[in-house]
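For reference, the structure discussed in these notes is given below.
The values are calculated or read from the model by the stated rules, or taken from the named source; none is laboratory data. These numbers were taken from a predicted model, which means no experiment stands behind them. With ideal geometry, Cβ positions are generated from the backbone for all residues, glycine too; neighbour counts draw on all protein chains shown. Side chains are part of the model used for accessible areas, which takes the heavy atoms of the whole protein and leaves out ligands, DNA and RNA. Shrake-Rupley method; radii C 1.70, N 1.55, O 1.52, S 1.80 Å.
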Amino acid sequence: MAVKVMIPTPLRAYAEKRDHVEVAAKTVGEALNSLIARHGELRRHLYQEDGRLRSFVNVYLNDEDIRYLQKEATPVKDGDTVSLVPSIAGGISTRLRWES
Amino acid sequence: MRLRLTAQVRDAIRAHGARGYPHEVCGALLGRDAESEGVGALREVTAVVPLENRRDDSPRNRFSVTPEDVLRAERAARDQRLELVGWYHTHPDHPARPSEFDREHAWPWYSYVILGVAASEPGEMTSWRLADDRSGYAAESIEEA
């Protein structure tokens, strides 16, 4: 199964500046493993030391978050797109510290 | 590191910040990264995607962007043959400096533009990049195109 894995701009430096790679995979987890097999430097940005996906990294299969599917065991089919999506947040910290 | 913002981009960020006051607002920066690396490298922002602040709990001092919004911004960039080069957000009644919360939640590589808004008047605009090892921010000079 040919699957497209989209790489967000902050991580392209670790993937020869590519915006996506095409891999053969049956599940989302296999697609991510194939990506890392090609571009090993991505591993530390995507996974924690215990092998779990980092919490600041979301993985989408087409338009759905894999957390609400079967996570990395989610099956993929020919033509699917797997997107790595960074979590974006920020703001003034002091006031929240006082409130909490 | 240098960040060039067109007049249209600067005006759009200021108008969004004033409109959203006293809440924080945020949006995506679309443009082109520098072809070279190093101190003199120039990144250019030519378009913005203003986003809705999805924080219902503390919109005055927090922003968060849903993954769907990030995907939408990435697609908008691709459609315009641009790259998603960073994000902007406002600090209502606070200086335009990154907070500890900003640092904990930032990614390297992106440009983070912060606009101070005091009593609904847009003020200082600054830009920052997180170090690769997440140890701190480096200021990025803003140039007007």
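The table below gives the values:
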quantity	calculated
Residue tally, condition in contact (Cβ under 8 Å) with a residue 24 or more places away in the chain and either at the interface with another protein chain (Cβ under 9 Å from one of its Cβ atoms) or closer than 30 Å to B:Glu35 by Cβ (or both), over the stretch B:71-92	14
All positions within the stretch A:2-23 that are in a strand (DSSP E or B), farther than 19 Å from A:Asp65 by Cβ and touching a helix residue (DSSP H, G or I) at 6+ places or on another chain (Cβ under 7 Å)	A:Val21, A:Val23
Residue tally, condition in contact with a Gly (Cβ under 9 Å, 6 or more places away or on another chain), open to solvent by less than 30 Å² (accessible area, probe 1.4 Å) and not in a strand (DSSP E or B), over the stretch B:102-124	3
Pairs where the first residue, in the stretch B:112-128, is within 14 Å of chain A (Cβ to nearest Cβ) and the second is open to solvent by 40 Å² or more (accessible area, probe 1.4 Å) and among the β-branched types (Val, Ile, Thr), C-beta under 6 Å, 6+ apart	B:Ser127/B:Ile142
Matching option when the condition is among the charged types (D, E, K, R), farther than 21 Å from B:Val45 by Cβ and surrounded by fewer than 17 Cβ atoms within 10 Å (Cβ to Cβ), among B:Arg75, B:Arg97, B:Arg134, B:Arg81	B:Arg134
Scan of the stretch A:37-60 for residues that are more than 20 Å from B:Asp133 (Cα to Cα) and touching a helix residue (DSSP H, G or I) at 6+ places or on another chain (Cβ under 8 Å), ordered by number	A:Asn58, A:Val59, A:Tyr60
Test for A:Asp80: is it charged (D, E, K, R) and open to solvent by 60 Å² or more (accessible area, probe 1.4 Å)	no
